[in-house]
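Working notes, structure below.
What follows is calculated from the coordinates using simple rules that are stated; it is not laboratory data. Worth saying up front: this structure is predicted, and the values here are computed from it rather than measured. Methodologically, a virtual Cβ is constructed for each residue, glycine included, from the backbone with ideal geometry; neighbour enumeration extends over all protein chains shown.
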Amino acid sequence: MTRVTVTDSNRMISGNHIMLRHRTSLAAAFRWEMRKAGNLWYWITTALFDAIGMFNGWSQYADYQDEFVRQNVTWTAIWGQAILLPSMVFMPMLVAAFAAQIESNEHHGRNWQRLNAVGTVDVAVAGKMLHGCMVSFLTVLVFEVEFILVGRFVMGFDLAQSGPFLLRSIPLTLSVWAIVTMTQVVSVKTESFAGTMSVMMILTIGGCVLSLAAPAIAQLYPLALITSASAVRDLAGIADPGSMIVSTAASGTWILIGAVVFRRLARRAI
């Protein structure tokens with residue numbers, strides 16, 4: 001998954017030359033990120049792990065259906081179990097692996113040095129940020145689609161009541177994007193897939209611990225942002241605008257900080 005062949009390296013170098021010939025517009029940088037991201041494994045794995053979460057949600061609802069019916073609980077019962085493991089472990093590690101795979105290749109081909117030499121590193125960073133945003137949106141979209149399919153067509157829930165869960169896709173997307181950005185920052189320093197994933201795994205474990213031991217602090221911790229954005233620890237507040245705003249603001253802040261640090265480190269890459 002992380003091995004870089006001569007062909008891969010030449011393709012990246014060629015792509016950088018294409019970007020340079022076109023003065024490296026943001027659109028060109030974004031398209032190049034799309035081309036070099038070998039991501040089929042990521043989407044298959046994401047869909048499978050999300051499906052595991054959906055099965056857990058369905059199973060819990062089936063086991064305690066009478067109790068849930070008495071309390072008029074529908075979508076919330078599925079959401080709580082469906083998002084718990086993905087938000088704490090699966091999503092952070094998968095998106096980190098996806099971003100780390102791409103970024104480790106930059107060092108094998110010395111692409112940062114080439115981009116710095118011709119003064120196009122800023123546009124390249126912007127292209128990577130834009131690509132990270134798109135991947136984050138699609139990652140959350142996969143989860144939301146599976147959630148709606150299970151709730152509506154398997155459980156028969158009223159689609160009109162799914163609004164708050166769909167709105168959660170906004171802070172969820174930003175929280176995933178924050179993790180992608182942080183992975184990109186770490187990758188510039190570690191310069192390898194293994195090094196990046198070691199750091200991200202430690203940070204993810206820290207996020208799990210904080211989510212369990214200190215939920216209030218975890219709202220601001222980057223690797224626990226998905227958990228707080230999903231409101232899985234406070235399902236009664238799933239539709240609370242204040243909760244969504246806090247999660248969105250925290251994620252947005254980390255994205256901005258990450259973007260600034262990413263740009264600075266990329267400019268210093270040697």
(Q) Taking every alpha carbon pair in the range 181-242, what does the distance histogram look like in 5 angstrom bins from 0, in percent? (A) 4, 18, 24, 18, 14, 11, 7, 4, 1
Q | Residue order, fewest to most beta carbons within 10 Å, for T139, T173 | A | T173, T139
Q: Assuming a ≥ b ≥ c are the square roots of the Cα gyration tensor eigenvalues, decide whether the range 90-141 counts as rounded (a/c under 1.5), prolate (otherwise, with a/b larger than b/c) or oblate.
A: oblate
Q. Where a ≥ b ≥ c are the square roots of the eigenvalues of the C-alpha gyration tensor, would you call the range 146-255 rounded, which needs a/c under 1.5, or, failing that, prolate if a/b is larger than b/c, or oblate?
A. prolate
Q. If you place +1 on the Cβ of every Lys and Arg, -1 on the Cβ of every Asp and Glu, and leave all else neutral, what size is the dipole of the chain about its Cα centre, to the nearest 20 Debye?
A. 1460
Q) Based on the Kirkwood radius over alpha-carbon pairs, what is the Stokes-Einstein translational diffusion coefficient of the range 145-190 at 4 °C with 1.567 mPa s viscosity, in µm²/s? A) 102
Q) Shape of the range 87-189 from its Cα gyration tensor (a ≥ b ≥ c, root eigenvalues): rounded if a/c is under 1.5, otherwise prolate when a/b > b/c, or oblate? A) prolate
Q.
Taking the square root of 5 times each eigenvalue of the Cα gyration tensor, what semi-axes in Å does the equivalent ellipsoid of the range 25-268 have, largest first?
A. 35, 17, 15
Q: Please work out the C-alpha center-to-center distance from the range 242-257 to the range 71-98 and express it in whole Å.
A: 19
